[in-house]
Amino acid sequence: VESFRSDPLNCAVQKAWLSGLTVLASAGNRGRDGHLTINTPGNDPFVLTVGAMNDLNTESRDDDIVTTYTSRGPSFGDFVVKPDLVAPGNRIVSTLAPGAALASLYPERVVDSHRIELSGTSMATGVVTGAAAMILERNPYLTPDQVKAILMYSTAKLDGEDVFTVGTGYLDVATAVRMTGPNAPL
């Protein structure tokens, strides 16, 4: 636990951001320990920090809930408001690299030889990374600050949840992409 101002990983992340790279990080999976549990480099004000939602394996977003494990802000010591937003992160099926250690560590989570089911804020961060790639595909001239602003501004608000748990709200990819087109109001 260290201030984002002096942590070496945070310093590297800030250099990347200031060089024009959009940096995303998971909030961490220590939410059961309460607030002030955001991981480095997710505690950095530059980084787009992602928490996790559980979609309860339904298509409707109406029943989605915040996962118990998603880390909550603010950041320890610096009190930066984090996470910035939340996205699906529970029981996400993703690709499994051949020979990956995860398959032998968690054989019960292997779906087939090419896929694995995992949960965590890292899985939610992958979802938001895909959304960031989609808006950068529409407008490759966006700065990291603009990408972060679009993703945060376009979120669906979650009534009854505090900013230290869900940030600005639930990722809304369709709205973010609409906000990024050639006639978008930026």
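Quick notes on this structure:
- Note on exposure: Arg72, Arg91, Arg30 ranked by accessible area (1.4 Å probe, complete protein assembly) read Arg91, Arg30, Arg72, with the most exposed listed first.
- Tail weight of P(r) past 21 Å, computed on alpha-carbon pairs of the stretch 5-106, percent: 45 percent
- Under 28 Å from Lys15, Cα to Cα: lysines that are on another chain or at least 8 residues apart: Lys82, Lys148
- Ranked by the mean number of other Cβ atoms within 10 Å of their residues, highest first, the peptides 37-49, 124-136, 13-25, 101-113 come out as 37-49, 124-136, 13-25, 101-113.
- Taking θ as phi - 60° and the Karplus parameters 6.51, -1.76 and 1.60, the scalar couplings of the stretch 85-95 work out to 6, 10, 8, x, x, 9, 6, 8, 8, 9, 5 Hz in sequence order, x denoting glycine and proline.
- Each semi-axis of the equivalent ellipsoid for the chain is √(5λ) with λ an eigenvalue of the Cα gyration tensor; in descending order they amount to 24, 21, 18 Å.
- One chain, two ends: Ala101 and Glu161. Fully extended at 0.36 nm per residue, the span grows by 18.0 nm beyond their Cα-Cα distance.
- Summarising the strand pairing of the chain, around 55 percent of its internal DSSP beta bridges are antiparallel.
- Extended-chain gain in nm, criterion 0.36 nm per residue less alpha-carbon gap, Thr129 and Leu9: 41.3 nm
- Heavy-atom SASA rank of Glu59, Glu117 (probe 1.4 Å, accessible area, largest first): Glu59, Glu117
- Take every pair of alpha-carbon atoms less than 8 Å apart whose residues are at least six positions apart; their mean separation over the length of the chain yields a relative contact order of 22 percent.
The values are calculated or read from the model by the stated rules, or taken from the named source; none is laboratory data. On a predicted model such as this, the values are computed, not experimentally measured, just so you know. Virtual Cβ from ideal backbone geometry, glycine too; neighbours counted across all protein chains shown. Side chains included, ligands, DNA and RNA excluded: accessible areas come from the protein's heavy atoms. Shrake-Rupley method; radii C 1.70, N 1.55, O 1.52, S 1.80 Å.
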